[in-house]
Amino acid sequence: MGGEILETALSQMKMNGRIACCGVVSTYDSASQPAHGPRGVPFLFVVKRLTMRGFIVSDFFAKRDEALAQLRSWVEAGRLKVVEDIVEGFDSLPEALIGLLHGSNRGKRMVRIA
């Protein structure tokens with residue numbers, strides 16, 4: 001989980017920083033064992049008093065409507081940009097999924113059928 005990106009991010013974290021972990025799409029299609037995690041993790045977590053917590057979006061389903069309203073207001077106010085990566089055509093579904101798993105998309109990957 002994370003690899004070099006997480007290792008770099010940890011070194012840049014501020015004191016008492018918090019990290020939310022949701023999904024590890026880069027490992028979904030991997031048949032091999034994931035690479036070892038970042039080096040120096042215990043040191044960075046102790047010295048910077050970092051917190052890392054995993055979650056699944058369904059943990060917060062009861063707050064769904066409230067979250068959608070807040071996100072919608074941020075989009076409408078221009079405080080949050082929605083980035084969509086649209087692939088055209090039903091025949092592109094396999095390519096779109098493989099690209100998603102390999103990280104070739106930027107933003108939300110969608111396939112337009114018609």
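Just to verify a result, which residue in segment 30-54, among those that are assigned to a loop (DSSP other than H, G, I, E, B), at pLDDT below 90 and open to solvent by less than 70 Å² (accessible area, probe 1.4 Å), is farthest from HIS102 (Cα to Cα)? Among those residues, the one meeting the criterion is GLY40.
ARG79 falls short on exactly one of the conditions (1) modelled with pLDDT under 95; (2) in a loop (DSSP other than H, G, I, E, B); (3) among the charged types (D, E, K, R), and that condition is (1).
Screening SER11 against (1) at pLDDT 95 or above; (2) in contact with a helix residue (DSSP H, G or I) (Cβ under 8 Å, 6 or more places away or on another chain) leaves a single unmet condition, (1).
The values are calculated or read from the model by the stated rules, or taken from the named source; none is laboratory data. These numbers come from a predicted model, not from an experiment. All Cβ positions, glycine included, derive from the backbone under ideal geometry; neighbour counts span all protein chains shown. These area figures cover heavy atoms from the full protein model, side chains too; ligands, DNA and RNA do not enter into them. Shrake-Rupley method; radii C 1.70, N 1.55, O 1.52, S 1.80 Å.
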